[in-house]
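The structure appears below as structure tokens.
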Amino acid sequence: MSKKIGVLTGGGDCPGLNAVIRAVVKTAIIRFNYEVIGFEDGYLGLIENRWRKLDYEAASGILTAGGTILGTSNKANPFQFWQRDDKGEYFSTDESQKVLKIYQDLGLEALVCIGGDGTFTIADGLQKLGMNVVGIPKTIDNDIFGTDQTFGFDTAVNTITDAVDKIHTTAMAHKRAMVIEVMGRNAGWLALMAGVAGGADLILLPEIEYDIEAICRRVHDRSQLGKKFTIVVVAEGAKPKAGEQVVDRVVKDSPDPIRLGGVGKVIANQIEEITGIETRITVLGHLQRGGSPSPLDRVLCTIFGEKAVQMIHNQEFGKWVCWRNGKAETEDLTYAAGRQRLVPLDHPLIEVARSVGVRFGNEIN
Ligand code: F6P
């Protein structure tokens, strides 16, 4: 009898999830003759025993599709499953034993969990409970500690760069300052890469506290130099000197409840008020998580999915696939827990950007 493996996509979606599912399913079938089932809506489907068989057909034609054919959830944690009672009050239950029984009753050899640090922490708990788990790192934020790159990041950088290019033209036409707020949580990778690629004049990262005076001086100086517009790319996690990040909302039933957002508007208002230059804000939001994965992401997804199934074949459980020095390696599921991969202040791209005139909002002059 052939072995059976499960796969799920957890946390926020990103481009390339389907490309990974495809690689997992095809490798499992072609190389090892495994059966594959997919749990729906991340860990929620595991808790509720909702799954479907993923045969070769199911994995065909999905390489280029955004989203995830399985659905995802960034709320369902089997160890602390939040629900609401009749009065709308929140309460949580431990569903982990139920999940273990579902795994055992299905006769699964292993479970592939595609997700971020939150998904890996839960995956580690399931591994310790007696399941065989393998992880694959996804997120547009590129902030998972222990991997040089996550899939989804490159596509998001392309999307943001395209937006910055378009905003450039309207900025020039109207001679305005344009602030573009991008995602990334506490990491500035998206802002840095897309800011440089899009030719931003100011790039504000969570890792470098900004000084609104320095920003306004730059905007003003540009106008004095005859540059009638300024492009500011700001990461949602950016914060002012000795100030706080702007929180958009707190999602009660999520393992990672803080949602950042709104700093772009604050900065745009301040620029307009202080410099007198007309300023507009564009928040790119979830647009950054959509669309067809870039060629680079498709390749990364294919390598990651294939590697995960190889790990199952080699009985290498309790680990996730990571990307180091241009090749797929493995790391313990606990490795990324409680750590974030932030932009180091001595990252070479920061210096390169400064050399071509980009400012990071903290410059004295
Ligand atoms: O982690 C991916 C991400 O898109 C972050 O960049 C952003 O802060 C967050 O998810 C948004 O989460 P939600 O989809 O729950 O609003």
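Points to keep in mind about this one:
- Every residue from region 138-161 that is more than 13 Å from the ligand (Cβ to nearest atom) and either open to solvent by 10 Å² or more (accessible area, probe 1.4 Å) or under 9 Å from the mean Cα position of the chain (by Cα) (or both): F145, G146, D148, Q149, D154, N158, T161
- Looking only at region 256-268, and only at residues there that are open to solvent by less than 60 Å² (accessible area, probe 1.4 Å) and not in a helix (DSSP H, G or I), the one that is farthest from the ligand (Cβ to nearest atom): G262
- Output for region 269-288, where each listed residue is open to solvent by 60 Å² or more (accessible area, probe 1.4 Å), within 22 Å of A191 (Cα to Cα), in a helix (DSSP H, G or I) and more than 10 Å from the ligand (Cβ to nearest atom): N269, Q270, E272, L287
- Consider region 310-330 and keep the residues that are out of contact with any Lys or Arg (no Cβ under 6 Å at 6 or more places or on another chain) and assigned to a strand (DSSP E or B). The one that is surrounded by the fewest Cβ atoms within 10 Å (Cβ to Cβ) is K327.
- Any chance D253 is outside the structural domain of I160 (by TED's automatic domain parsing), open to solvent by less than 70 Å² (accessible area, probe 1.4 Å) and within 16 Å of the ligand (Cβ to nearest atom): no
- Any hit, region 289-306, residues being open to solvent by 30 Å² or more (accessible area, probe 1.4 Å), among the hydroxyl-bearing types (S, T, Y) and assigned to a loop (DSSP other than H, G, I, E, B): yes
- Candidates G16, G38, G10, G42 - the one that is small (G, A, S), open to solvent by less than 10 Å² (accessible area, probe 1.4 Å) and more than 16 Å from the ligand (Cβ to nearest atom): G38
- Test: residue in region 112-122 that is in contact with a strand residue (DSSP E or B) (Cβ under 7 Å, 6 or more places away or on another chain), aromatic (F, W, Y) and open to solvent by 10 Å² or more (accessible area, probe 1.4 Å): no
The values are calculated or read from the model by the stated rules, or taken from the named source; none is laboratory data. As the structure is a computational prediction, the values presented were derived from the model and not from experiment. Neighbour counts run over all protein chains shown; Cβ positions are idealised from the backbone, glycine included. All accessible areas refer to the heavy atoms of the entire protein, side chains included, with ligands and DNA or RNA removed. Shrake-Rupley method; radii C 1.70, N 1.55, O 1.52, S 1.80 Å.
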